[in-house]
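Reading through the structure tokens given below for one structure.
Please treat every number below as a calculation from the coordinates, not as lab data. If you're wondering where the values come from, they're calculated on a predicted model, not measured in any experiment. Here the Cβ is made from the backbone with ideal geometry for all residues, glycine too, and neighbour counts use every protein chain on show.
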Amino acid sequence: MAHIHRIVLPGRTKGTVLSESGEPLTPPDNWAFLPAGDAVITKSVKAKGATWVVQVRKGRRQISKGIWAKAEHILESRREIEARRSTPEYDRRRKKDLARRAARQKAYVEEFFTEVVSFLDFHHRYQNEANLLGEKITAHATPVGSGTVARTARIPVARRAEAAVIAWMRHQTTAYDSMRIARVKGKRREVRRQLAAKSIEVLKAYRQGQEIAENCPLKKALSNSGSDWAL
């Protein structure tokens with residue numbers, strides 16, 4: 001049987017939500033809130049009955065904060081999943097899954113690093129800089145759940161690497177983060193294009209093996225530690 005899973009927004013007061021049109025809603029008395037974080041339990045609860053899925057927008061993505069559902073369904077699902085997870089079979093399967101994911105992630109990190117360095121295409125005299133920059137970008141962009149362009153499967157890895165380099169350059173070698181950009185449709189995209197062009201000019205000096213000035217923004221950025229911005 002298909003159940004209705006209504007999309008709602010966080011309410012202005014505790015224990016309430018808002019409909020997509022902004023109407024205040026109060027969950028039924030016999031409902032409880034299940035925070036996001038355990039997809040297996042959430043899926044089990046959804047299979048038992050109707051839910052309200054609380055979502056917030058983060059950039060271009062919709063992030064789930066959790067679901068409202070019947071309290072008894074949440075309790076039942078937790079008991080069922082905990083019982084399943086307590087078996088030796090589950091523990092063995094879990095360890096195999098984790099090992100498989102770790103191996104897949106390691107391979108992807110290595111592939112992404114290679115693509116980043118390939119896109120940089122630095123002159124051999126700046127190979128150390130290329131490797132250092134590749135390491136910085138890869139370390140930031142590839143962690144699972146980071147939400148960066150490196151984690152999307154919608155474009156080839158080579159294009160992800162290119163986008164990650166341009167994003168790193170934008171945040172680390174320009175004043176983008178402190179810019180006041182007019183709230184005009186397309187303005188932020190235009191600014192990003194302009195900064196990307198400047199970044200390519202900076203990279204050109206390294207690609208051609210030119211002498212790098214002491215005030216080069218990339219040279220300065222490479223000597224600094226990474227930050228927590230999103231690519």
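Restriction of the trypsin sites (Lys or Arg not before Pro) in segment 18-67 to DSSP coil positions whose beta-carbon has at most 12 other beta-carbons within 10 angstrom yields R60. Of the trypsin sites (Lys or Arg not before Pro) found in segment 149-231, the ones in coil according to DSSP and having at most 12 other Cβ atoms within 10 Å of their Cβ are R154, R180, R183, K185.
Computed about its Cα centre, the charge dipole of segment 94-222 is approximately 900 debye, with only Lys, Arg, Asp and Glu carrying charge at their Cβ. Of the options (1) 19.0, 61; (2) 16.5, 49; (3) 23.4, 70, only one is Rg and Dmax of the Cα atoms in Å as computed from these coordinates, and that is (3). Each of the GluC sites (Glu not before Pro) that DSSP puts in a loop and that has at most 12 other Cβ atoms within 10 Å breaks the chain; the longest unbroken stretch is 21-210. Over the chain, what is the mean sequence separation of C-alpha contacts under 8 Å (at least six apart), divided by residue count, expressed as relative contact order in percent? Taking the mean separation of contacting Cα pairs over the length of the chain, I get 14 percent.
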